[in-house]
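Below is one structure, written out as structure tokens; comments come after it.
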Amino acid sequence: MLQDESWWPLGGVVSVPPGRSLGDLVEETRWRLCRFPALRTRVKMGADGRPRQRVSPSGVFEIDVVEVGEEDPVVAATRLAAQYTDTAFDHEHDWPMRMAVVCRNGQPAHVVVLVSHLVIDAAGVRALVSETEARPEVPPRGQTSLEQAAWQASAAGRRQNAAALRYWGEVLNAVPPSRFQNPHGPLSPGIWHGAYDSYALLPAVQVISERSGFDLPTVFLALFAVAMHRVRGVDPVIVRPVVDNRFRPGLADAVCTAAQHGVCLIEVSGIAFEEVLQRAARSARTAFKYAYVDPWDVEVLIQRVEIERDAALDTHCRLNYRFRAGTAPEFAPGPVPPGTFRWLDGNDGSPLKHLTLQIDNIPGGVRLGLHINTAAFAPDDAETLARVMESVAVFEASGGVDGQRPDDRSGSMIMDLDRG
């Protein structure tokens, strides 16, 4: 966040149901602040360069109240959310939440709520919303921030961290030296953000999942590894998947940030896709077990191994599976629309070193969000990576076409898949 000069807020604009007053919203906010220590957590960098969290037992939180008059309150709220996002954030002194109530003629119309990603992740937001709607009288479910810190400092927590670091060390010593370099880069701006919207990929992944018994995230992980090998020639492929860590005791319903990057090492060269799936599943299980680790210790370990091996390592290909289960679309009969790729924007100064792939829902399909550092990854290669994932999925779901591999670069195969 410090490198990116952003607080990566989660949240946005929410409409206010009729009949709710400003006082109701203030009381609800007070209840949230009292119940969830994460919303009272601020961070200070210690003398050793590591962050320290400080949870305040009390304080004053200010809510901006904006009267819009004749302006559309949605427009005003959206503009305010963008302003909050772009305004500099002081992690040591600012509360981790910014909030405004947009009113028309004194009546609340919309609420703007943004919370720092440092104290909450997507699962934490869902827990926050669920508890706010239910207003339970029992204490919050799940560990608080300070309870997590206490466990991490305990003997059991230190054993978990030590075991995780041993696993990371084994993986890092097996990682091939970095082959990520764009001979025509870096470009200006240095960081590019693009999106590939596919309507053939998701049904193909679902067919593969049902046939193989592996879940959707595992299929996407295997496809990413295969595509990375074909586009960049790396093997084994190292992937840093985002792990929600919510399966760990006390974290399922905690209002906090629990998600961290794990690390998978998957061999793909000369191996049938079914075997790649099995290897991806095994690697993911181990990666998830050891994703709960001190990230500062991981960075120190990476630096140490790179010095020992006298080589930069491929540790910056990240996969963020954000596809929401239970939201898969119903597929209409007929031809599948072709996928579309577009570059959205770019910027400089981001800490992104290689590539991040985000997998999200879109109506009728799936979006592959590609974020690249053009010094390491050429824009054409990024688009090809997305199209190869789609073409390999369609090919495998269809059982192969005349025994031939699909055209990796076109990604234009349209199969009559079982729509289920």
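What the table below lists for this structure:
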quantity: Out of Glu308, Glu396, Glu330, sole residue that is surrounded by fewer than 18 Cβ atoms within 10 Å (Cβ to Cβ), modelled with pLDDT of 95 or more and farther than 30 Å from Trp8 by Cβ; calculated: Glu308
quantity: Number of the exception - Gln83 against (1) among the polar types (S, T, N, Q); (2) touching a Phe, Trp or Tyr at 6+ places or on another chain (Cβ under 8 Å); (3) without any contact (Cβ under 8 Å) to a residue 60 or more places away in the chain; calculated: (2)
quantity: Hits in region 118-130 - residues which are under 15 Å from Ala252 (Cβ atoms), open to solvent by 30 Å² or more (accessible area, probe 1.4 Å) and either among the hydroxyl-bearing types (Ser, Thr, Tyr) or in contact (Cβ under 8 Å) with a residue 24 or more places away in the chain (or both); calculated: Ala122, Val125, Ser130
quantity: Complete set of residues in region 131-154 that are without any contact (Cβ under 8 Å) to a residue 12 or more places away in the chain, assigned to a helix (DSSP H, G or I) and within 19 Å of Arg30 (Cβ to Cβ); calculated: Glu133, Ala134
quantity: 3 or more residues under 24 Å from Thr144 (Cβ atoms): qualifying strands (runs of 3 or more DSSP E) within region 40-92; calculated: 41-45, 51-55
quantity: Members of region 145-194 found to be of a type in the set (A, V, I, L, M, F, W, C) and open to solvent by 30 Å² or more (accessible area, probe 1.4 Å), listed by number; calculated: Leu146, Ala149, Ala150, Trp151, Ala153, Ala155, Ala156, Ala162, Leu165, Ala174, Leu187, Trp192
quantity: Which listed residue is closer than 30 Å to Gln148 by Cα and among the aliphatic types (A, V, I, L, M), from Ile208, Ile271, Ile238, Ile266; calculated: Ile238
quantity: Single match in Arg211, Arg230, Arg248 (criterion: outside any helix (DSSP H, G or I) and either among the basic types (Lys, Arg) or at positive phi (or both)); calculated: Arg248
quantity: Unique residue being open to solvent by 50 Å² or more (accessible area, probe 1.4 Å) and modelled with pLDDT of 95 or more when the list is Val138, Val102, Val115, Val74; calculated: Val74
quantity: Residue identified as over 23 Å from Ala174 (Cα atoms), of a type in the set (Ser, Thr, Tyr) and open to solvent by 20 Å² or more (accessible area, probe 1.4 Å) among Thr340, Thr384; calculated: Thr340
quantity: Residue in region 41-50 that is surrounded by 14 or more Cβ atoms within 10 Å (Cβ to Cβ), in contact with a helix residue (DSSP H, G or I) (Cβ under 9 Å, 6 or more places away or on another chain) and modelled with pLDDT of 95 or more present; calculated: yes
quantity: Verdict on Glu5 being open to solvent by 40 Å² or more (accessible area, probe 1.4 Å), without any contact (Cβ under 8 Å) to a residue 40 or more places away in the chain and not in a helix (DSSP H, G or I); calculated: no
quantity: Scan of region 166-189 for residues that are in contact (Cβ under 8 Å) with a residue 24 or more places away in the chain and part of a helix (DSSP H, G or I), ordered by number; calculated: Tyr167, Trp168, Gly169, Val171, Leu172, Asn173, Ala174
quantity: Pairs with Cβ under 6 Å, 6+ apart, first in region 13-39 and within 23 Å of Gly142 (Cα to Cα), second modelled with pLDDT of 95 or more and open to solvent by 50 Å² or more (accessible area, probe 1.4 Å); calculated: none
quantity: Residues located in region 230-269, provided they are small (Gly, Ala, Ser) and open to solvent by 40 Å² or more (accessible area, probe 1.4 Å); calculated: Ala252, Ser269
quantity: Candidate set from region 360-378 (those that are of a type in the set (S, T, N, Q) and under 25 Å from Asp348 (Cβ atoms)); member that is most open to solvent (accessible area, probe 1.4 Å); calculated: Asn373
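Each row is one residue, and each column tells you yes or no for (1) aromatic (Phe, Trp, Tyr); (2) in contact with a Lys or Arg (Cβ under 9 Å, 6 or more places away or on another chain); (3) touching a residue at least 40 places away in the same chain (Cβ under 8 Å).
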| position | (1), (2), (3) |
| --- | --- |
| Ile208 | no, no, yes |
| Gly213 | no, no, no |
| Met228 | no, no, yes |
| Ile238 | no, no, yes |
| Cys256 | no, no, yes |
| Ala259 | no, yes, yes |
| Val276 | no, no, yes |
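The values are calculated or read from the model by the stated rules, or taken from the named source; none is laboratory data. Remember, it's a predicted structure, so these values are computed and weren't measured experimentally. Cβ sites come from the backbone with ideal geometry, for glycine too, and all protein chains shown count toward neighbours. What goes into the accessible areas is simple: the full protein's heavy atoms, side chains included, and nothing from ligands, DNA or RNA. Shrake-Rupley method; radii C 1.70, N 1.55, O 1.52, S 1.80 Å.
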